[in-house]
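Down below is the structure, laid out as structure tokens.
The values are calculated or read from the model by the stated rules, or taken from the named source; none is laboratory data. Just so we're clear, the structure is a prediction, and the values are computed from it rather than from any experiment. Neighbour counts run over all protein chains shown; Cβ positions are idealised from the backbone, glycine included.
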Amino acid sequence: MKKILVFALTFCLGWQTVAYGAQKEVVVTLDERTVTLAETPIYEKDRMMLPVRALAEALDADVTWNSASRTAIVEKELEGILDEAGNPFVWRVSMGLDTNYLTLMGNTQLLLENPPLLVNDRAYLPFRELAEAMNLEVVWHTDGTKDYVDLISPQMPQVALRAAGNYQEATKSIEMTWQNQENASFYYGADYALEKWDGKDWQRVAAMEGTTVPSIAYQIEPGSTKTTFSLWNWENSLQEGQYRLAVPYFYADTSKAPFFALEQTAAFDEKTPTRYVAYAEFTI
């Protein structure tokens, strides 16, 4: 999945307004795409500070404000990763405006080197620290008149699943092709899900009652591999429409993974493998 979310809170927070340093033009890119910020970064003690909401919106992240605890919460769905319930994983960073900490996923605190600032009733946080808390790599450089900040999203495994043929009514199955461009093997089981497009979003299709999922692991080796997925569990629901399979898979040796894994983040130190997900669309 996947490193920066900074937001301009337009709440009156009761802080004393802080003077800040001279400004430079700042150019921000996300994965080589220029990001237009609704607010301008400022400098405090040579630290670049950004309004959180402006950057959160540029990253399609959600920002909420809890007035009771004076806490701002930034949430970003990590595309390509599932949580324990099989839903898209949501990364969460929160900051109480009366503390100097960022809290990751509600359980890990990171001490900020620079405390938040209040400028014109907007809360600013250190750019780099908030970006890295959101799993973004930050590369900074300058030409003397402009500062450049390149944000790089975490690299997910280069593993994809594509329909290799048409849905077969007689066998209630469809052949798929795994494309694994990594120099590593992955594994998937029979716990894949079926989803249907409703014109606006993908909706989970319930399997038949009493369905059991065998605990079998199949290998996804580097290169290309074909496999057949059975849809008998959804026999009564297979009407005409656009469908996709959501197939969770995992990598057994995350300590050496060149791609993003939750276990490598500050908020996750367990050894449970990250559950990635491959989607494959097809039509009935």
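If I filter the range 57-83 down to residues being of a type in the set (Gly, Ala, Ser) and modelled with pLDDT of 80 or more, which single residue comes out as farthest from Thr29 (Cα to Cα)?
Ala68
Considering only residues that are in contact with a helix residue (DSSP H, G or I) (Cβ under 9 Å, 6 or more places away or on another chain) and surrounded by fewer than 19 Cβ atoms within 10 Å (Cβ to Cβ), which ones fall in the range 48-62?
Within the range 48-62, the first condition is being in contact with a helix residue (DSSP H, G or I) (Cβ under 9 Å, 6 or more places away or on another chain), and the residues that meet it are 48-50, 52, 55, 61-62.
Selection gives Asp62 alone.
Would you pick out the residues in the range 241-272 that are part of a loop (DSSP other than H, G, I, E, B), more than 16 Å from the chain's Cα centre (by Cα) and not basic (Lys, Arg)? Even if it seems obvious, please write down each step before you answer.
Narrowing the range 241-272 to residues part of a loop (DSSP other than H, G, I, E, B): 241, 251-253, 257-261, 265-272.
Those left that are additionally more than 16 Å from the chain's Cα centre (by Cα): 241, 251-253, 257-258, 269-272.
Matches in the range 241-272: Gly241, Tyr251, Ala252, Asp253, Ala257, Pro258, Asp269, Glu270, Thr272.
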### Summary
Subset of the range 212-229, residues surrounded by 14 or more Cβ atoms within 10 Å (Cβ to Cβ) and under 12 Å from Ile174 (Cβ atoms), comes to Thr227, Phe229
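Please enumerate the residues belonging to the range 40-58 that are basic (Lys, Arg) and under 21 Å from Thr142 (Cβ atoms).
Correct list: Lys45, Arg47.
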### Query
For the subset of the range 265-279 comprising residues that are at pLDDT 85 or above and out of contact with any Lys or Arg (no Cβ under 6 Å at 6 or more places or on another chain), which member is nearest to Ser230 (Cα to Cα)?
Ala278
